[in-house]
1. Tell me, yes or no, whether the range 157-177 has at least one residue that is open to solvent by 20 Å² or more (accessible area, probe 1.4 Å), out of contact with any Phe, Trp or Tyr (no Cβ under 8 Å at 6 or more places or on another chain) and within 30 Å of Lys51 (Cα to Cα).
2. For the range 86-98, which positions are polar (S, T, N, Q) and open to solvent by less than 10 Å² (accessible area, probe 1.4 Å)?
3. Residues that are open to solvent by less than 30 Å² (accessible area, probe 1.4 Å), at least 1 per element: which helices (runs of 4 or more DSSP H) completely within the range 277-384 meet that?
4. Can you tell me which residue is modelled with the lowest pLDDT among those in the range 178-216 that are under 16 Å from Thr124 (Cα atoms), surrounded by 11 or more Cβ atoms within 10 Å (Cβ to Cβ) and among the charged types (D, E, K, R)?
5. Considering Arg354, Arg367, Arg402, which residue is charged (D, E, K, R) and on the phi > 0 side of the Ramachandran plot?
6. Hey, could you check the range 69-85 for residues that are within 20 Å of the chain's Cα centre (by Cα) and surrounded by fewer than 17 Cβ atoms within 10 Å (Cβ to Cβ) and say which is farthest from Ala254 (Cα to Cα)?
7. Would you confirm, using the coordinates I've provided, whether Gly263 is within 16 Å of the ligand (Cβ to nearest atom), assigned to a loop (DSSP other than H, G, I, E, B), of a type outside the set (D, E, K, R) and more than 21 Å from Val384 (Cα to Cα)?
8. Would you mind finding the one in Asp283, Asp277 that is within 14 Å of the ligand (Cβ to nearest atom) and either closer than 15 Å to Ser359 by Cα or modelled with pLDDT of 95 or more (or both)?
Amino acid sequence: MDEIIRHSGSRVPGPDPAAPVPRPHPGPANSPVASPRPRAPIAPIMNAQAKNFLLNLLNTPSPTGFEMPGQRVWAAYTRKHADSVDCDAYGNAWATLQGSSKKAPVVMLEAHADEIGFMIKYITPEGFLRLDRIGGSDYATARGRRLTLLGDNGPVTGLIGNTAIHIRDRGNGGEKAPEVHELYVDVGASKPEEVAALGLRVGHPAVYADAAETFGPHHLIGRALDNRLGGFIIAEVMVRLAARKKRPAATVHAVNAVQEEIGGNGAKMITHRLRPDVALCLDVTHATDTPGIEKAKHGATVLGGGPAVTHGTCNHPLVVQRLVETASRENLPLQHESSSRFSGTDTDKIFTIRDGIPSGLVSLPLRYMHSVVEMADFRDVEKVITLLTAFVESLRPGDDFRQRL
Ligand SMILES: [Zn+2]
């Protein structure tokens with residue numbers, strides 16, 4: 001991590017994930033606090049292999065519909081910690097660890113592999129590119145940013161034009177954010193032929209050029225943390241399960257699904273194929289602990305506050321109950337979120353597949369989602385890995401999450 005992303009002197013590389021997990025609810029000072037189960041120190045998640053894998057995964061452009069470069073990075077790493085790794089027609093990749101008991105439920109841990117981005121919509125006679133967005137790209141922050149365009153001759157750097165403030169029509173002070181069709185990309189060409197010579201045409205995708213980096217002792221910033229961090233986390237769960245002396249009773253599929261950002265298409269395909277008995281979907285959620293966010297509207301989730309579980313809609317009560325019990329047994333702090341209509345994640349697609357898959361959403365708090373400065377806390381990452389690993393290990397032969405009358 002150091003040579004790629006170390007900041008100037010001020011910031012130290014990489015957090016110490018082995019930092020002891022604070023006990024959640026210490027009782028009054030003199031009350032005999034039940035000592036938590038003696039536990040092996042938390043294995044640091046950031047060994048050299050994991051670090052390189054995380055950076056490689058984050059810095060491999062994989063916009064929706066063009067996920068294969070990232071999927072190959074994910075598969076190459078996960079394959080070392082699973083019985084098999086495979087992908088389907090559209091590139092949904094999954095790693096499988098066979099459980100020791102056929103009677104234990106098959107569990108799917110799902111994250112999405114795709115990131116938001118842009119696509120070339122039109123090339124002007126002067127050689128500028130007009131864009132469409134892929135997924136929920138925040139085009140209000142686009143002007144003046146660098147893009148990596150994924151052309152036929154490899155990546156091409158372009159910049160999103162930003163007319164100088166001195167000569168920009170700012171409409172008597174009430175300047176509004178540009179619409180996506182008002183944005184243009186400059187690749188240094190002066191006519192369409194020069195654009196073509198760069199290997200670019202209408203339809204080629206692009207992502208912001210910003211790379212991931214650590215930010216202080218505990219934080220990670222960059223683009224595409226949503227949801228490549230999820231792909232990293234489910235891979236690390238496989239690493240831990242595979243390293244155990246005893247295999248888990250349950251068979252586990254770690255799934256890195258495609259096309260979440262445009263509607264969860266991949267999750268539908270792969271859930272239909274794998275038909276798990278229980279599914280946990282892992283995605284990022286809004287940390288609402290920064291200025292200007294109304295908690296009455298968006299709830300209260302804090303960065304560094306631990307994993308979040310969600311209640312309602314696609315979140316099966318028995319699955320959520322098992323998550324809450326597991327977190328308490330592992331002394332993990334848990335944040336709670338509400339879902340009254342839909343969760344806005346692949347869980348919405350997974351739980352309705354075939355005759356219904358008992359599902360639950362586990363979320364990693366994230367600030368500034370869908371920007372190039374998405375911010376996550378490594379301590380949350382560690383706790384999510386621990387929670388998912390312990391959930392898989394809690395599954396016993398005969399466990400059944402289907403409701404009973
Ligand atoms: Zn996401």
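1. yes
2. Asn92, Thr96 - these are the residues of the range 86-98 that are polar (S, T, N, Q) and open to solvent by less than 10 Å² (accessible area, probe 1.4 Å).
3. Result: 317-329, 347-350.
4. Only one residue tops the list, namely Glu182.
5. Values: Arg367 fails: on the phi > 0 side of the Ramachandran plot; Arg402 fails: on the phi > 0 side of the Ramachandran plot.
After ruling out the rest, the residue left standing is Arg354.
6. Pro69
7. Numbers: within 16 Å of the ligand (Cβ to nearest atom): yes; assigned to a loop (DSSP other than H, G, I, E, B): yes; of a type outside the set (D, E, K, R): yes; more than 21 Å from Val384 (Cα to Cα): yes.
Yes; evaluated as a whole, the condition is true for this residue.
8. Checking each option against the conditions leaves just Asp283.
The values are calculated or read from the model by the stated rules, or taken from the named source; none is laboratory data. Since this is a predicted model, take the numbers as computed values, not measurements. Virtual Cβ from ideal backbone geometry, glycine too; neighbours counted across all protein chains shown. To get the accessible areas, we keep the full protein, side chains included, count just its heavy atoms, and leave off ligands, DNA and RNA. Shrake-Rupley method; radii C 1.70, N 1.55, O 1.52, S 1.80 Å.
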